[in-house]
Amino acid sequence: MTATTEITTEPSSIDVQPDLAVEPLRIADRMFRSRLVLGSGKYTDNQTMLRSFEAAGIEMVTVALRRVDLNDPDPDAYIHHIDPEKYLFLPNTAGCYTADDAIRTARLGRELGGWNWVKLEVIGDERTLFPDNVELLRATEILVEEGFVVLPYTNDDPVICRKLEQLGAAAVMPLGAPIGSGMGIRNPANLRIIVEQSEVPVIVDAGVGTASDAAVAMELGADGVLMNTGIAGADDPVRMARAMKLAVDAGWLAAHAGRIPRRLHASASTTMDGLID
């Protein structure tokens, strides 16, 4: 049975100090206070989903267009419970295995919902759900030319991320680990290279299993984190959603605070000068 912890999200006094606040995230022409993005699938019920969104403090939600009937008359369908005035819908092309399928799905989302933002997925392998980057590049180029704001899901390959940015992607979304695996950031070196070379936001997408994974992604310099299973699959999704929000914020603050150098040996916290015998 899923726990339903009550979570309070009122800001503490420290949150309102400007010099300690997490800076907003700009993607294309929009600003977001939250650097966390959530998926809308796998929740046990609508109430848990909505309370998790609230606890996470998010402003953007992904919706799998190929797995959701936008015209479903059932009032209990979860799509009808997500307030488009409160959350930016980020349609995704999950389940597409070719560029043509992904392009068609993105166009359908724009026709039905007026959405020109798309989380672009073109899967190349059914077992690992790794992307087909050849098809992904082709789909990105076409959709950017058609005026879409494209956020492509890709692997942690700096070369592919650079090519996606050159094609006009509004952000790059390298995986931390395979989708739904919960293994965390498996290749921190590559993620750091992607961050260093990118002129657009880098949003880690997939593989986050717990709060420390999200914090690591942000400490490595990522601009945001997108997740679904890590929260929806937790024993207490609402509590985990709150943990993820705090981890993303803490990771961003730590990354911009400047950590101390790593040392092999100890370094005393206080000077030895003036030591009393």
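The values are calculated or read from the model by the stated rules, or taken from the named source; none is laboratory data. From a predicted model like this one, the values you see are computed outputs, not experimental measurements. As a convention, Cβ positions derive from the backbone with ideal geometry for all residues, glycine included, and neighbour counts pool all protein chains shown.
Residue check: is V200 within 17 Å of the chain's Cα centre (by Cα) and within 29 Å of E85 (Cα to Cα)? Yes, satisfied. Can you pull out the residues in region 207-235 that are touching a residue at least 24 places away in the same chain (Cβ under 8 Å), within 21 Å of T44 (Cβ to Cβ) and crowded, with 20+ Cβ neighbours inside 10 Å? Within region 207-235, V208, G209, L226, M227, N228, G230, I231, A232 meet the criteria.
Here the condition is being of a type in the set (D, E) and in contact with a Leu (Cβ under 9 Å, 6 or more places away or on another chain); of D213, D223, it holds for D223 alone.
Identify the residue in region 18-34 that is more than 17 Å from W117 (Cα to Cα) and assigned to a loop (DSSP other than H, G, I, E, B) and, among all such residues, is nearest to the chain's Cα centre (by Cα). Once the filter is applied, the top-ranked residue is S34. Listed by first and then second residue, the pairs linking a residue in region 236-265 that is touching a residue at least 12 places away in the same chain (Cβ under 8 Å) and under 15 Å from V216 (Cβ atoms) to a residue that is acidic (D, E) and part of a helix (DSSP H, G or I), with Cβ atoms under 6 Å apart and 6 or more places separating them unless they lie on different chains, are G251/E219; A254/E219; A255/E219.
When you look at P174, is it closer than 27 Å to Y87 by Cα, in contact with a helix residue (DSSP H, G or I) (Cβ under 8 Å, 6 or more places away or on another chain) and at pLDDT 95 or above, yes or no? Yes. When V200 is tested against (1) at pLDDT 95 or above; (2) within 19 Å of N187 (Cα to Cα), only condition (2) is not met. Looking only at region 162-178, residues that are without any contact (Cβ under 8 Å) to a residue 60 or more places away in the chain and either buried (at least 18 other Cβ atoms within 10 Å of the Cβ) or of a type in the set (S, T, Y) (or both) come to 11 in all.
Of A257, A217, all but one fail to be closer than 20 Å to L36 by Cα and at pLDDT below 95; the exception is A257. Is one or more of the residues making up region 246-262 under 26 Å from A64 (Cα atoms) and part of a loop (DSSP other than H, G, I, E, B)? Scanning region 246-262 turns up no residue that is under 26 Å from A64 (Cα atoms) and part of a loop (DSSP other than H, G, I, E, B).
Residues in region 205-244 that are closer than 21 Å to L129 by Cα, in a helix (DSSP H, G or I) and more than 13 Å from the chain's Cα centre (by Cα): A232 alone.
Annotation note: Cβ proximity below 6 Å between a residue of region 52-79 that is closer than 18 Å to I231 by Cα and at pLDDT 65 or above and a residue that is of a type in the set (V, I, T) and part of a helix (DSSP H, G or I) (sequence gap 6+ or interchain) occurs for S52/I231; S52/V238; A55/V238. Step by step: first the residues of region 179-196, then only those that are out of contact with any helix residue (DSSP H, G or I) (no Cβ under 8 Å at 6 or more places or on another chain) and part of a helix (DSSP H, G or I), then the one that is surrounded by the most Cβ atoms within 10 Å (Cβ to Cβ). Which residue is that? Going through the qualifying residues, I end up with V195. Take the conditions within 19 Å of the chain's Cα centre (by Cα) and of a type in the set (V, I, T) and apply them to T105. Does it pass? In short, no.
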